[in-house]
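Chemist: There's a structure below that I have some questions on.
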Amino acid sequence: MNINATFFAELLAFCIFVFITYRYIWPSMENLLEDRRKEISDGLEAASQSQRKLEDANKESATILDGAKAEASSLINQANSRADQIVDEAKEQAVEEAKKIKLSAEADIEQSANKAKDGIREEVAALVIAGAQKILDKEINAKANKDIIDSLIKKI
Amino acid sequence: MAKENAQNLIETSDYIGHHLVNLTFGWCEKTSSWGFANHQQELFKGLDSACKVSEMGFWSFHLDTIFMSILLGAVVFGFFGLINKAAKKGVPGKLQNFAEFVHEFIASAVNSGYHGTSKIVGPLAFASCLWIISWNLMDLLPVEMASFFGHFGGGFNYFKILPTADLNAPLALAIVVMILVTYYSVKTHGAGGFLKELFIVPLGPLEFISYVSKHVALALRLYGNLFAGEMIFILIAIMFGQFAMSFSQTLWFLPGLILNLSWALFHILIVALQAYIFMMLTIAYLNLASTKH
């Protein structure tokens with residue numbers, strides 16, 4: 001156990017190393033760790049905030065979705081009822097139209113029947129006149145008259 | 001037989017003595033000149049003085065202690081300095097992770113143990129803890145290694161690789177702590193208050209004795225533990241080295257190896273623990289000094 005001047009050398013060396021640590025090692029590491037701590041806590045804060053935001057957005061989107069669903073179903077209902085209505089109207093119209101067509105067709109038929117009757121009548125009249133003329137021409141021959149009349153009758 | 005035993009004993013004490021002597025450079029009274037202690041080195045022939053180590057006075061330097069402690073300090077603090085310089089704020093690399101782990105470990109000890117405002121306590125704890133650990137780790141190197149490389153590599157016959165086993169080194173650390181404790185005590189309590197605390201309140205000068213002894217004990221605790229550990233390594237080396245020589249059986253190497261290994265494993269605990277204790281006590285003493293009580 002011999003204490004000698006080595007002590008002073010060690011004292012000086014220790015002071016220098018403490019100074020180096022004090023100046024270059026300790027504060028830079030302290031700052032680095034403090035910065036990182038801050039960064040991490042900021043990150044965590046931001047994460048929890050965005051988590052909250054996400055929850056809010058989820059809720060909002062759910063309400064929006066519900067509203068949209070309700071709106072869509074009401075729209076569908078409206079559309080359905082409207083469609084029914086349109087179909088009904090169309091049916092009614094169709095029925096009416098059919099009636100009209102039927103009526104006009106009947107009228108047409110009647111008209112053409114009347115026309116035909118008129119035609120027949122005129123023709124018969126012409127035939128009768130022609131027959132009468134022929135009868136007048138050949139009055140003497142009764143037998144012949146009879147033939148003409150028979151043929152007329154057949155034409156009618 | 002008796003003669004042989006006596007011869008062995010002399011060799012043993014020589015061996016131990018050889019391992020306990022520092023490479024000393026100092027003032028020799030006999031020749032009134034500076035030089036290495038007699039027969040300690042062959043490298044600088046001209047610097048060999050006529051004095052033995054025991055004949056040198058206070059003005060001598062243990063070059064091995066100084067060289068090793070400064071080398072270790074440069075390695076340790078250079079390592080941490082470089083890592084800090086290259087440190088990034090983002091995801092840390094492995095080395096940076098290690099440096100941050102060490103820093104946080106010491107910073108948490110400081111924060112929980114010290115409640116004053118001084119900015120020097122953290123760096124002081126950091127520097128003392130890491131420097132002492134790096135010293136103590138030298139104890140785990142084989143006892144013969146330093147002598148072997150010193151002798152064949154540099155021509156030095158004496159070289160102690162473990163700075164902690166030289167009382168000068170731990171004492172220097174403890175004295176720095178003592179100076180700081182005194183400074184902060186005076187700063188906190190005033191010079192009068194501090195003196196009053198030392199000599200009058202509550203048990204008279206007993207407080208002064210405890211004040212001095214706790215700082216001396218801080219150095220001696222560290223020194224004693226590591227010196228004893230080194231001693232046991234030396235004894236293990238002697239025991240099995242001698243067996244091997246006297247029985248001409250190198251097989252004795254094996255139990256020596258096992259004993260050495262088991263003591264080294266246990267010693268790792270002491271290496272770290274003593275550095276930790278020194279650091280914690282430093283923090284505690286400074287805390288006592290800089291808080292009012």
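Chemist: Can you give me the number of residues within segment A:1-15 that are in a helix (DSSP H, G or I) and more than 7 Å from chain B (Cβ to nearest Cβ)?
Modeler: Residues flagged as in a helix (DSSP H, G or I) and more than 7 Å from chain B (Cβ to nearest Cβ) within segment A:1-15 amount to 2.
Chemist: Quick one: which residue in B:Leu180, B:Leu222 is under 18 Å from B:Gln274 (Cα atoms), crowded, with 19+ Cβ neighbours inside 10 Å and within 25 Å of the chain's Cα centre (by Cα)?
Modeler: Step by step, each of B:Leu180, B:Leu222 is checked, and only B:Leu222 is under 18 Å from B:Gln274 (Cα atoms), crowded, with 19+ Cβ neighbours inside 10 Å and within 25 Å of the chain's Cα centre (by Cα).
Chemist: Report yes if A:Ile25 is within 14 Å of chain B (Cβ to nearest Cβ), assigned to a helix (DSSP H, G or I) and surrounded by fewer than 11 Cβ atoms within 10 Å (Cβ to Cβ), otherwise no.
Modeler: no
Chemist: Take B:Thr12 and decide whether it is more than 10 Å from chain A (Cβ to nearest Cβ) and assigned to a loop (DSSP other than H, G, I, E, B).
Modeler: No: the conditions fail for B:Thr12.
Chemist: Any residue at all in segment B:81-98 that's under 22 Å from the mean Cα position of the chain (by Cα) and either at pLDDT 80 or above or surrounded by fewer than 15 Cβ atoms within 10 Å (Cβ to Cβ) (or both)?
Modeler: no
Chemist: Being in a helix (DSSP H, G or I), β-branched (Val, Ile, Thr) and within 14 Å of chain B (Cβ to nearest Cβ) narrows it down to one of A:Val95, A:Val87, A:Val18, so name that one.
Modeler: Selected residue: A:Val18, the only one of A:Val95, A:Val87, A:Val18 that is in a helix (DSSP H, G or I), β-branched (Val, Ile, Thr) and within 14 Å of chain B (Cβ to nearest Cβ).
Chemist: Which residues, taken from segment B:121-162, are under 15 Å from B:Ile66 (Cα atoms), hydrophobic (A, V, I, L, M, F, W, C) and within 14 Å of chain A (Cβ to nearest Cβ)?
Modeler: Those that are under 15 Å from B:Ile66 (Cα atoms), hydrophobic (A, V, I, L, M, F, W, C) and within 14 Å of chain A (Cβ to nearest Cβ): B:Trp131, B:Ile132, B:Trp135, B:Leu162.
Chemist: Does B:Ala169 satisfy being in contact with an Asp or Glu (Cβ under 8 Å, 6 or more places away or on another chain), within 30 Å of B:Ala237 (Cα to Cα) and either within 11 Å of another protein chain (Cβ to nearest Cβ) or surrounded by fewer than 20 Cβ atoms within 10 Å (Cβ to Cβ) (or both)?
Modeler: yes
Chemist: Right, something else. For segment B:73-84, give me each residue that is farther than 15 Å from A:Leu12 by Cα and more than 8 Å from chain A (Cβ to nearest Cβ).
Modeler: B:Val75, B:Val76, B:Gly78, B:Phe79, B:Leu82, B:Ile83
Chemist: Within the group B:Met56, B:Met68, which residue is buried (at least 21 other Cβ atoms within 10 Å of the Cβ), among the aliphatic types (A, V, I, L, M), more than 8 Å from chain A (Cβ to nearest Cβ) and over 20 Å from A:Lys38 (Cα atoms)?
Modeler: Within the list B:Met56, B:Met68, the selection yields B:Met68.
Chemist: Same structure, new question: Quick check, is B:Glu100 facing another protein chain (nearest Cβ under 9 Å) and of a type in the set (Asp, Glu)?
Modeler: Criteria met by B:Glu100.
Chemist: A further question follows. Based on what the data block shows, is B:Ser112 away from every other protein chain (no Cβ under 11 Å), of a type in the set (Ser, Thr, Tyr) and in a helix (DSSP H, G or I)?
Modeler: yes
Chemist: (1) over 16 Å from the mean Cα position of the chain (by Cα); (2) not in a helix (DSSP H, G or I): which one isn't true of B:Phe61, the others all being true?
Modeler: Unmet for B:Phe61, out of (1) over 16 Å from the mean Cα position of the chain (by Cα); (2) not in a helix (DSSP H, G or I): (1).
The values are calculated or read from the model by the stated rules, or taken from the named source; none is laboratory data. All values derive from a computational prediction rather than experimental measurement. Cβ coordinates were reconstructed from backbone atoms using ideal geometry, including for glycine residues, and neighbour counts include every protein chain displayed.
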